[in-house]
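The values are calculated or read from the model by the stated rules, or taken from the named source; none is laboratory data. Here the structure is a predicted model, which means the values were calculated and not measured. Reconstructed Cβ throughout: ideal geometry from the backbone, glycine too, with neighbour counts over all protein chains shown.
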Amino acid sequence: MRDIERFIREFESDPDTESVLADVPMAEHCSFRAGGRADCLLTSRSEAGFVRALARLRDAGLPYFVMGAGSNLLVRDGGFRGVIVKPGADMRAVRVSGSRVVVMCGAPLSALASAAADAALGGLEFAQGIPGSVGGAVYMNAGAYGGDMGGAIESARALRPDDGAIFSLRRDEMEFSYRSSSFSASGAVVLEAVFALAPDDADAIRARMSEFARRRAEKQPLRLPSAGSFFKRPEGGFAGKLIEDAGLAGLACGGARVSPLHAGFIVNEGGATASDILDLMEIARSVVFDRFGVMLHPEVRIIGDDV
């Protein structure tokens with residue numbers, strides 16, 4: 001803890017620090033609105049500050065985790081003993097250059113999709129309603145409605161975790177597959193991505209985005225805190241369908257519930273703990289495996305300690 005206190009003091013005076021907070025309730029920073037506390041949450045305003053913070057943590061041997069928007073993250077109730085680092089204001093930039101969109105890792109996916117639509121560039125309509133940031137979305141190859149990040153990206157810059165080296169990859173080097181990439185395989189941190197898109201009619205792009213938004217509102221429990229689809233899609237099926245067929249739609253543990261509207265979502269109905277959510281996850285996995293022989297794997301990233 002003393003090392004973390006020294007880290008906090010050091011970065012309080014760093015001009016690239018947007019904020020550095022101690023003993024942070026991560027429920028306030030994650031879309032689940034549940035979970036434990038982190039020893040420290042550092043938001044770095046610029047890429048230089050972000051890279052410098054990660055180097056300092058690596059050299060000091062301090063545990064750390066890089067988060068984006070917190071929309072696909074759950075911190076166990078015992079909290080995270082270390083530093084959580086997230087990109088700040090200057091790392092949310094989006095720039096259109098011809099048929100390409102250059103975007104920093106902290107930009108919301110909605111900002112990326114809107115910038116493309118404003119420039120009459122098609123191919124990212126699916127991303128409009130995904131509540132995450134670009135870095136995390138590329139890392140896990142996020143997608144919806146037949147599109148994913150790997151289908152539109154041209155190149156990316158990333159930071160290697162073991163030595164802090166910054167490197168670039170083309171799309172064919174990123175090894176994209178369902179909810180996976182070379183970044184998630186190696187733990188590399190995506191810093192910036194370039195998307196090569198096709199010119200299209202702006203009204204048609206907006207119409208597709210509106211249709212996706214309508215379908216989300218109709219079929220997903222958007223009014224309650226969640227992390228979106230909790231489980232990865234199993235081969236040959238859908239997690240939500242399997243959970244529903246197992247009779248688990250509506251099942252509750254404490255303040256967490258399998259959504260009756262979409263059984264692939266676990267929602268926080270109020271006051272849910274991370275343990276409530278994880279207990280419900282394990283029940284769903286166990287029952288679905290017993291009934292159908294299919295093991296579900298969480299799409300949500302789960303970090304920290306149990307109580």
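Does Tyr178 satisfy the condition of being in contact with a Phe, Trp or Tyr (Cβ under 9 Å, 6 or more places away or on another chain), hydroxyl-bearing (Ser, Thr, Tyr) and closer than 30 Å to Arg215 by Cα? Give the steps one after another, and end with the answer.
Details: in contact with a Phe, Trp or Tyr (Cβ under 9 Å, 6 or more places away or on another chain): no; hydroxyl-bearing (Ser, Thr, Tyr): yes; closer than 30 Å to Arg215 by Cα: yes.
No: the conditions fail for Tyr178.
In region 256-282, which residue that is touching a strand residue (DSSP E or B) at 6+ places or on another chain (Cβ under 6 Å) and in a loop (DSSP other than H, G, I, E, B) is nearest to Arg76 (Cα to Cα)?
My answer is Ala272.
Go through region 37-51 and give me each residue that's of a type outside the set (A, V, I, L, M) and either modelled with pLDDT under 95 or part of a strand (DSSP E or B) (or both).
Residues satisfying the conditions are Arg37, Asp39, Cys40, Thr43, Ser44.
Checking Phe65 against (1) surrounded by fewer than 19 Cβ atoms within 10 Å (Cβ to Cβ); (2) at pLDDT 95 or above; (3) more than 16 Å from the chain's Cα centre (by Cα), which single condition isn't satisfied?
(3)
I'm trying to understand the selection: among the residues of region 16-62, which are surrounded by 17 or more Cβ atoms within 10 Å (Cβ to Cβ) and either polar (S, T, N, Q) or in the same structural domain as Ser275 (by TED's automatic domain parsing) (or both)?
Of everything in region 16-62, those that are surrounded by 17 or more Cβ atoms within 10 Å (Cβ to Cβ) and either polar (S, T, N, Q) or in the same structural domain as Ser275 (by TED's automatic domain parsing) (or both) turn out to be Thr17, Ser31, Thr43, Ser44, Ser46.
Does region 59-80 include one or more residues that are in contact with a Phe, Trp or Tyr (Cβ under 6 Å, 6 or more places away or on another chain), hydrophobic (A, V, I, L, M, F, W, C) and closer than 26 Å to Ser226 by Cβ? Walk me through how you get there before you give the answer.
Step one: of region 59-80, the residues in contact with a Phe, Trp or Tyr (Cβ under 6 Å, 6 or more places away or on another chain) are 74.
Now restrict to residues that are hydrophobic (A, V, I, L, M, F, W, C): 74.
Adding the requirement that they be closer than 26 Å to Ser226 by Cβ leaves 74.
Taking every residue of region 59-80 in turn, at least one turns out to be in contact with a Phe, Trp or Tyr (Cβ under 6 Å, 6 or more places away or on another chain), hydrophobic (A, V, I, L, M, F, W, C) and closer than 26 Å to Ser226 by Cβ.
Scanning region 231-281 for residues that are among the β-branched types (Val, Ile, Thr) and in contact (Cβ under 8 Å) with a residue 40 or more places away in the chain, which turns out nearest to Met140 (Cα to Cα)?
By that ranking, first place goes to Ile266.
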